[in-house]
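Worksheet: one structure, shown below.
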Amino acid sequence: MDHDEMKQEFLAVYDQYADDIFRYCVLKVSGRTVAEDLTQEVFMRYWQQLRKGTSIVNGRALLYAMARNLIIDWYRRKKEQSLEVLTEEGYQFPSNDEGTIEQHAQLREVLDVIKDLDETSREALTLRFVEGFSPKEIAALSGESANAVSVRINRALKKVQDHLHTHD
């Protein structure tokens with residue numbers, strides 16, 4: 001593949017998946033600046049793979065695997081960011097009307113429950129319900145069977161639902 005073909009392939013993949021990878025990173029690291037840096041690094045590594053001549057069969061899966069690995073590395077180096085740091089970075093919290101406050105509280109409760117799940121369950125839920133991956137696609141990323149992924153997702157959902165119903 002010549003340089004122009006590589007560039008065209010890269011730009012097509014970037015246009016198609018950059019927003020998804022960024023959203024995935026934001027959800028994992030809870031900070032726009034870090035997520036932007038991680039997204040940029042993912043696509044730099046993707047470009048390097050193209051330049052090396054690596055045959056990329058499923059660009060989407062490769063991008064998510066790269067993002068996931070970079071996020072794991074980031075967490076190994078950094079502690080989780082506090083609320084004050086998020087505010088300083090420009091995170092905008094919802095307005096204070098009653099409906100929004102209630103929705104925000106409910107969302108926070110669900111996110112807290114999800115945060116308490118094991119990493120593989122959190123990952124499976126995020127990929128399934130935020131990124132829209134099918135169990136088969138998640139299985140390809142994780143190296144598990146689609147059935148095992150489906151079971152993991154269902155068990156995680158049950159834990160979240162059970163926790164929420166016991167705290168009504």
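FYI, it's all coordinate maths here, none of it is from the lab. Nothing here was measured: the structure is a model prediction, and the numbers come from that model. As a convention, Cβ positions derive from the backbone with ideal geometry for all residues, glycine included, and neighbour counts pool all protein chains shown.
For this structure, a couple of remarks:
- Model label sites at LYS115 and PHE129, defined 7 Å from Cα along the beta-carbon direction, differ in position by 1.6 nm.
- Sorted peptide list for 53-61, 145-153, criterion being average Cβ within 10 angstrom, highest first: 145-153, 53-61
- Available extension along the chain between ILE56 and ALA12 is 14.5 nm, counting 0.36 nm per residue and deducting the alpha carbon span.
- Per-peptide average of other Cβ atoms within 10 Å, ordering 9-16, 120-127, 136-143 highest first: 120-127, 136-143, 9-16
- The length gained by stretching the chain between GLN161 and ARG32 to full extension, at 0.36 nm per residue less their Cα-Cα distance, is 43.5 nm.
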